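A.B. asks: My questions all concern the structure below.
The values are calculated or read from the model by the stated rules, or taken from the named source; none is laboratory data. Predicted, not measured: the structure shown is a model, and the values here were computed from it. Positions of Cβ are backbone-derived with ideal geometry, glycine not excepted, and every protein chain shown enters the neighbour counts. SASA here: full protein model, heavy atoms, side chains in, ligands and nucleic acids out. Shrake-Rupley method; radii C 1.70, N 1.55, O 1.52, S 1.80 Å.
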Amino acid sequence: MSHYVQNNLRYDEQALVHVKVSIWRAAPTIFWAVLMIAAAIVCSIMLGEKDIKIYQDTLGSMNLILWCVFLVVGLLPLLITILRIITTHLAITNKRVLGKHGILKVNTMDIHIDKMKNVSYKAGFWGNIFHYYTVTIKGVSGDGWEYKGISNAREFKNMTNNAIECHAQEARREQAELIVLAINTNKS
């Protein structure tokens, strides 16, 4: 269980499901980073050919600039994706759904079970192949949150729907007990 979820549990609350973010979500950016490093190597080899009539200092500077550009363009998206994976926390407890993602711009979510409207998930082409999904959570107020790269989306959706139903049954039972109590009090 993540520290975020563990630190935000309330009294008499247990986490039922904590989502898992798939590392496959980073596959396209890993491919991109490898492609950029390969392009930098090819360009560096081409600049190192003896037929190029450029001063040696200029060639070294161009090579350094080339490597810097390719590394930034290739590795920065990979770093951002890894940070998104690490900072995504989402869990369903017996009382609420809570989540957080981001480092500099942090988005948090805390919805009580009786304020939940809908949980759905979808996947694109690569998501279907590698089994990672985008989970969308909607509250009754119309607010919506989206969490990308979730590998156990079906389990999360099912447990959320079960928690909503259990909470509704408990609320109906308590309401029925209050009605019976009110009827018995009026008879006396």
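A.B. asks: Out of all the residues in segment 60-82, is one or more crowded, with 19+ Cβ neighbours inside 10 Å, modelled with pLDDT of 80 or more and more than 30 Å from W145 (Cβ to Cβ)?
C.D. replies: Yes: segment 60-82 contains one or more residues that are crowded, with 19+ Cβ neighbours inside 10 Å, modelled with pLDDT of 80 or more and more than 30 Å from W145 (Cβ to Cβ).
A quick yes/no check of all residues on (1) touching a His at 6+ places or on another chain (Cβ under 7 Å); (2) in a helix (DSSP H, G or I); (3) small (G, A, S):
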residue	(1), (2), (3)
N118	no, no, no
W126	no, yes, no
I129	no, yes, no
I137	no, no, no
G149	no, no, yes
K157	no, yes, no
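A.B. asks: Now for a different question. If I filter segment 124-155 down to residues being aliphatic (A, V, I, L, M) and open to solvent by less than 40 Å² (accessible area, probe 1.4 Å), which single residue comes out as nearest to S22 (Cα to Cα)?
C.D. replies: I150
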